[in-house]
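Structure, as structure tokens:
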Amino acid sequence: MLNLDLSGKRALVAGVADDAGYGFAIAKALAEAGATVSVGTWPPALNIFLNLLERGKLDEGRRLPDGSLLTFEKIYPLDAAFSTLEDAPQPLRESKRYNAVGDFSIDGLAKRLVEDFGERPLDILVHSLANGPEVKKPLLETSRGGYLEAVSVSAYSLVAMMSRLGPLMRPEGSVVSLSYMASERVVPGYGGGMSSAKAALESDTRVLAFEAGRRFGVRVNAISAGPLASRAASAIGIIERMVQYVSRNAPLSQPLSAREVGTAAAFLCSPLASGITGTLLYVDKGYHAMGMAVADTGV
Ligand SMILES: NC(=O)c1ccc[n+]([C@@H]2O[C@H](COP(=O)([O-])OP(=O)(O)OC[C@H]3O[C@@H](n4cnc5c(N)ncnc54)[C@H](O)[C@@H]3O)[C@@H](O)[C@H]2O)c1
């Protein structure tokens, strides 16, 4: 029987701070397939996340099909806006949510992984994080700072992670990031340079697939996921309407679940996908294939 088996593999999922988003669902699917999973959590969200876990508030979400609870091998502080600790401004480093967590940069994450697990500890890297401080603003009203922040956190972070964590990955490793169709079609309301960041992320996926494939022997793919009412997406302000719109107009009208993205990511990270790299996989109930809103056709 064909088997999606990730036992013996170690994964790091960057961008998990609750049980509502794609990162959590991917972590869960990877664990279900047998992988050992660590997560990287944004320092401002870290204490709340640890608290929720400790108080059992995420137990329902953590429940795996065999009845056991998803556990994380390590939970690392990670602010993907910074390649090294020195890149972070001093006031931020000294602020309440950052001053006690140690080196929260991408370089700090790499050093901790090596300290904890040795020189080549990783098989799977998932980039499931984004931030666009001006996401509610139309592109025409987006400041240079807001635009660059969106691209820095949501796209360059993948480049920085690949360059620092790529050498830590074992041969036949796999990297997956999360994109959104606003990279290639206009989605009104998805502003602040986030559409530009996703376009960069998708282009970088192809180039990184080539460079990291040749250099580290790893695969790099992206999933273009349909809308989901996660915590990050609630910042857009119209996410519920986006979810409903896709349900009304996609070929498959059941709402997309985070688990469907989780299992697709687990496949891409598995040896079953050993021939797939540099691709964008749509996991959106087929919405990307539509050229006209069903609601307006009367069909
Ligand atoms: N929710 C959607 O509708 C949707 C659709 C397509 C793609 N995506 C993408 O999926 C990925 C995961 O998002 P989600 O919607 O599941 O929400 P989420 O809230 O589960 O994940 C986003 C995570 O990014 C973290 N983050 C923000 N800034 C960070 C930084 N500087 N350093 C480290 N972490 C940081 C947040 O703390 C959060 O944990 C993102 O790339 C998002 O753009 C989401």
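Residues that are touching a Lys or Arg at 6+ places or on another chain (Cβ under 7 Å) and among the small types (Gly, Ala, Ser) within the range 274-283 comprise just one, Gly278.
Output yes when any residue across the range 60-74 is in contact with a helix residue (DSSP H, G or I) (Cβ under 7 Å, 6 or more places away or on another chain) and charged (D, E, K, R), and no when none is. Looking for residues that are in contact with a helix residue (DSSP H, G or I) (Cβ under 7 Å, 6 or more places away or on another chain) and charged (D, E, K, R), one finds at least one in the range 60-74, hence yes. Looking across the range 54-69, just one residue is touching a strand residue (DSSP E or B) at 6+ places or on another chain (Cβ under 8 Å) and within 15 Å of the ligand (Cβ to nearest atom), and that is Arg62.
Under the condition of being buried (at least 20 other Cβ atoms within 10 Å of the Cβ) and out of contact with any Asp or Glu (no Cβ under 8 Å at 6 or more places or on another chain), which residue from the range 163-174 is farthest from Ser83 (Cα to Cα)? Step by step, filter the range 163-174, then rank; the result is Gly166. For the range 17-49, the tally of residues that are within 23 Å of Ser7 (Cβ to Cβ) and open to solvent by less than 20 Å² (accessible area, probe 1.4 Å) stands at 13.
When you scan the range 123-139, how many residues do you find that are β-branched (Val, Ile, Thr) and within 14 Å of the ligand (Cβ to nearest atom)? Outline the logic, then answer.
Initially, the range 123-139 is screened for residues β-branched (Val, Ile, Thr), giving 124, 126, 135.
In the following step, the residues that additionally are within 14 Å of the ligand (Cβ to nearest atom) were identified as 126, 135.
The number of residues fulfilling the criteria is 2.
Give the residues of the range 169-198 that are β-branched (Val, Ile, Thr) and either in a helix (DSSP H, G or I) or closer than 20 Å to Leu256 by Cβ (or both), sorted by residue number. Result: Val176, Val187. Only helices (runs of 4 or more DSSP H) whose full extent lies in the range 36-107 are considered here, and the ones with at least 1 residues that are touching a residue at least 24 places away in the same chain (Cβ under 8 Å) are 43-54, 59-62.
Just one of the numbered conditions (1) open to solvent by 10 Å² or more (accessible area, probe 1.4 Å); (2) out of contact with any strand residue (DSSP E or B) (no Cβ under 8 Å at 6 or more places or on another chain) is not true of Met181: (2). Please work out if Asn3 is among the polar types (S, T, N, Q) and either open to solvent by less than 30 Å² (accessible area, probe 1.4 Å) or more than 13 Å from the ligand (Cβ to nearest atom) (or both). Yes, satisfied. The listed residues are Gly262, Gly217, and the only one of them that is of a type in the set (Gly, Ala, Ser), within 12 Å of the ligand (Cβ to nearest atom) and either within 16 Å of Val126 (Cβ to Cβ) or modelled with pLDDT of 95 or more (or both) turns out to be Gly262. Answer yes or no as to whether Gly193 is touching a Pro at 6+ places or on another chain (Cβ under 6 Å) and either among the charged types (D, E, K, R) or within 16 Å of the ligand (Cβ to nearest atom) (or both). So Gly193 does not fit the description; no. For the range 175-209, enumerate the residues that are out of contact with any Asp or Glu (no Cβ under 7 Å at 6 or more places or on another chain) and under 16 Å from Leu268 (Cβ atoms). The answer is Val175, Val176, Ser177, Leu178, Leu201, Glu202, Thr205, Arg206, Leu208, Ala209. Only residues that are touching a helix residue (DSSP H, G or I) at 6+ places or on another chain (Cβ under 8 Å) and either basic (Lys, Arg) or not in a strand (DSSP E or B) (or both) were counted in the range 6-26, giving 14. Here is the figure for the range 137-162: residues that are open to solvent by 80 Å² or more (accessible area, probe 1.4 Å) and part of a helix (DSSP H, G or I) total 7. In the range 50-91, of all residues being open to solvent by 50 Å² or more (accessible area, probe 1.4 Å) and among the hydrophobic types (A, V, I, L, M, F, W, C), the one that is farthest from Ala150 (Cα to Cα) corresponds to Leu69.
Ser203 - would you say it is more than 30 Å from Ser7 (Cα to Cα) and either touching a Ser or Thr at 6+ places or on another chain (Cβ under 7 Å) or open to solvent by less than 60 Å² (accessible area, probe 1.4 Å) (or both)?
Numbers: more than 30 Å from Ser7 (Cα to Cα): yes; either touching a Ser or Thr at 6+ places or on another chain (Cβ under 7 Å) or open to solvent by less than 60 Å² (accessible area, probe 1.4 Å) (or both): yes.
Yes: the conditions hold for Ser203.
When the range 108-149 is filtered for residues that are without any contact (Cβ under 8 Å) to a residue 40 or more places away in the chain and hydrophobic (A, V, I, L, M, F, W, C), only Leu140 remains.
The values are calculated or read from the model by the stated rules, or taken from the named source; none is laboratory data. All figures in this text were calculated on a predicted structure; none of them were measured in a lab. Every residue, glycine as well, gets a Cβ built from its backbone with ideal geometry; the counts of neighbours run over all protein chains shown. When the accessible area is computed, the model is the full protein with side chains, heavy atoms only, and any ligands, DNA or RNA have been set aside. Shrake-Rupley method; radii C 1.70, N 1.55, O 1.52, S 1.80 Å.
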